[in-house]
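The values are calculated or read from the model by the stated rules, or taken from the named source; none is laboratory data. Quick caveat, the model's predicted, so the values are computed rather than measured. A quick note on method: Cβ atoms are made from the backbone with ideal geometry, for glycine too, and the neighbour counts reach across all protein chains shown. Side chains included, ligands, DNA and RNA excluded: accessible areas come from the protein's heavy atoms. Shrake-Rupley method; radii C 1.70, N 1.55, O 1.52, S 1.80 Å.
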Amino acid sequence: MTRRRWLADQVVGDRAFLLGKNAEHLARVLRGQVGQQFEIATPAGVHLGTILEIDPDRVTFSLTELPSSGAAQQGPLIHLYLAIFKFDRLEWAVEKCTELGASSIVPVIAQRTDTHLAGAAQKRLERWRRIAREAAQQSRRDRAPEVRTPEKLDRVIGEAAGKRIVLAETERERRLAELVEADSEMSLAIGPEGGWTESELVLFHEHGWIPASLGSTILRAETAAIAALAVAQA
């Protein structure tokens, strides 16, 4: 039986700790017990964790080496620049893109981002990070993706790592799958409802981003993000 994996909230020496809601969930919902074992992901790697103490606000594990089952294949580093759209759909995209292996998620304020959403985005940041963390644990990732502070497009467009690809409805020649086959690190930009403006596409071009298409149909923003991650990982 596959052990559940947790992302440690704190690590001190050979001890790891779950705190807050993670601890409460293990203690009260899952009814964890002293001696029970789980996989614990830490900055130093994944370990076998044995519960030493358990309380609703803090669970303590002892860490030992996890028996190896063979080296896992390392996928590409994918940095997702995601223009902000309706929060319920954005949260769903954050969850699913985490499951698909996004290395980082950068919420972007684009010209067509609704003013109310742009103003409220900062208040949603911790919720987005919590969703990413929970999705990373569920999908047995070693770490959650970094969900960065929302920024305007022109402030972040020039710092993207790896090959830079912007998904654009106006692109007719290049498909995303043709651009990502041999890359170990890339940045993908997904536009808001209504797509990128012409001036934004010019800005992408000036900073070395390559336009690409996911096909002839027009996808909703969250669908495009998930499809792009799936294509890049495949």
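Condition first: within 27 Å of the chain's Cα centre (by Cα) and surrounded by fewer than 13 Cβ atoms within 10 Å (Cβ to Cβ). Now tell me which residues in segment 13-66 satisfy that. Hits for segment 13-66 are G20, V29, L30, P43, A44, G45, D57, E65.
Counting only strands (runs of 3 or more DSSP E) that sit wholly inside segment 1-52, those with at least 3 residues that are under 12 Å from L66 (Cβ atoms) are 37-42.
Filtered by the rule that a residue be more than 21 Å from I84 (Cβ to Cβ) and either part of a strand (DSSP E or B) or open to solvent by less than 20 Å² (accessible area, probe 1.4 Å) (or both), segment 213-231 gives a lone residue, S213.
Within segment 176-207, the set of residues being part of a helix (DSSP H, G or I) and either at pLDDT below 95 or out of contact with any Ser or Thr (no Cβ under 8 Å at 6 or more places or on another chain) (or both) comprises L176, A177, E178, L179, E198, S199, E200, V202, L203, F204, H205, E206.
Residue pairs whose Cβ atoms lie under 8 Å apart, separated by 6 or more positions or on different chains, with the first residue in segment 159-175 and assigned to a loop (DSSP other than H, G, I, E, B) and the second among the hydrophobic types (A, V, I, L, M, F, W, C) and open to solvent by 90 Å² or more (accessible area, probe 1.4 Å), are E169/I218.
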